[in-house]
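Read through the structure below, which is laid out as structure tokens, and then see the notes.
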Amino acid sequence: MNILKELKKDFNKSTCNHIVAFIGNDQEKFSTLVDAFLNSEYRITQRAAWPISHAVKQHPELIKPHLEIIIRNLKKPKIHDAVKRNTVRILQFIEIPKKLHGITLDNCFRLLQDKKEPIAIKVFSMSVLANLAMNYPELKRELIEIIEDQMPYGSAGFISRGKKVLKQLRTT
């Protein structure tokens with residue numbers, strides 16, 4: 001299978017699942033998908049984001065060689081919301097190496113506090129920050145304040161995740 005050709009076709013859940021099944025736990029095939037995610041035109045990048053998140057859920061070790069570049073990609077201007085959303089979705093399910101904590105914290109705090117970001121990006125960023133705050137108790141208070149400040153204006157999804165994260169932060 002040519003992953004790039006598949007990403008150029010009509011894209012749906014079936015196509016996504018087909019790509020994920022093709023990749024399995026093959027690092028080389030996954031690297032091809034990551035390359036499309038990071039270096040293609042907007043539509044391909046957007047489409048590659050979905051199978052990446054599913055592949056990482058099934059095989060978290062696949063993301064390790066690409067993690068730093070994917071996290072740094074969040075700082076690029078004008079990246080598509082699907083790229084941001086799927087990047088932070090991935091980050092909430094994996095163990096982030098200590099050397100990448102700083103840049104991850106910076107990115108996720110920025111995304112969480114940006115009023116223009118879609119709810120899903122904010123919610124996933126909130127979870128990543130909560131996970132990292134377990135290593136840095138001094139961040140818990142700051143994260144609690146940010147979440148509490150946004151709760152009155154948040155969507156149902158933001159409020160639901162916010163309550164869970166606040167409980168997590170206060171009980172650990």
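Return a yes/no flag: does region 140-157 have any residue that is of a type outside the set (V, I, T), under 25 Å from V56 (Cα atoms), part of a helix (DSSP H, G or I) and in contact (Cβ under 8 Å) with a residue 12 or more places away in the chain. Before you say what the answer is, go through the steps one by one.
To start, the set of residues in region 140-157 that are of a type outside the set (V, I, T) comprises 140-143, 145, 148-157.
Subset that is under 25 Å from V56 (Cα atoms): 157.
Then keep just the ones that are part of a helix (DSSP H, G or I); that gives 157.
Now restrict to residues that are in contact (Cβ under 8 Å) with a residue 12 or more places away in the chain: 157.
Yes, region 140-157 contains at least one residue that is of a type outside the set (V, I, T), under 25 Å from V56 (Cα atoms), part of a helix (DSSP H, G or I) and in contact (Cβ under 8 Å) with a residue 12 or more places away in the chain.
Say whether the condition of being out of contact with any Pro (no Cβ under 7 Å at 6 or more places or on another chain), basic (K, R) and modelled with pLDDT under 95 is met by at least one residue in region 93-114.
Checked against the condition, which is being out of contact with any Pro (no Cβ under 7 Å at 6 or more places or on another chain), basic (K, R) and modelled with pLDDT under 95, region 93-114 yields no hits at all.
Within region 4-20, work out how many residues are in a helix (DSSP H, G or I) and surrounded by fewer than 19 Cβ atoms within 10 Å (Cβ to Cβ).
Here the count works out to 8.
Considering region 21-37 alone, what residues qualify as being in contact (Cβ under 8 Å) with a residue 24 or more places away in the chain and open to solvent by less than 80 Å² (accessible area, probe 1.4 Å)?
I23, G24, Q27, K29, F30, S31, T32, L33, V34, A36, F37
Answer yes or no as to whether I44 is within 20 Å of V123 (Cβ to Cβ), outside any loop (DSSP other than H, G, I, E, B) and out of contact with any Phe, Trp or Tyr (no Cβ under 7 Å at 6 or more places or on another chain).
No, not satisfied.
Report every pair of residues separated by at least 6 positions or lying on different chains whose Cβ atoms are under 7 Å apart, first residue within region 101-114 and at negative phi, second among the hydrophobic types (A, V, I, L, M, F, W, C) and surrounded by fewer than 18 Cβ atoms within 10 Å (Cβ to Cβ).
Cβ pairs passing all conditions: L112/I146; Q113/I146.
The values are calculated or read from the model by the stated rules, or taken from the named source; none is laboratory data. Everything numeric here is computed off the predicted structure, so don't read it as measured data. Ideal geometry is used to build each Cβ from the backbone, glycine not excepted, and the neighbour counts take in all protein chains shown. With ligands, DNA and RNA removed, areas are computed over all heavy atoms of the protein, side chains included. Shrake-Rupley method; radii C 1.70, N 1.55, O 1.52, S 1.80 Å.
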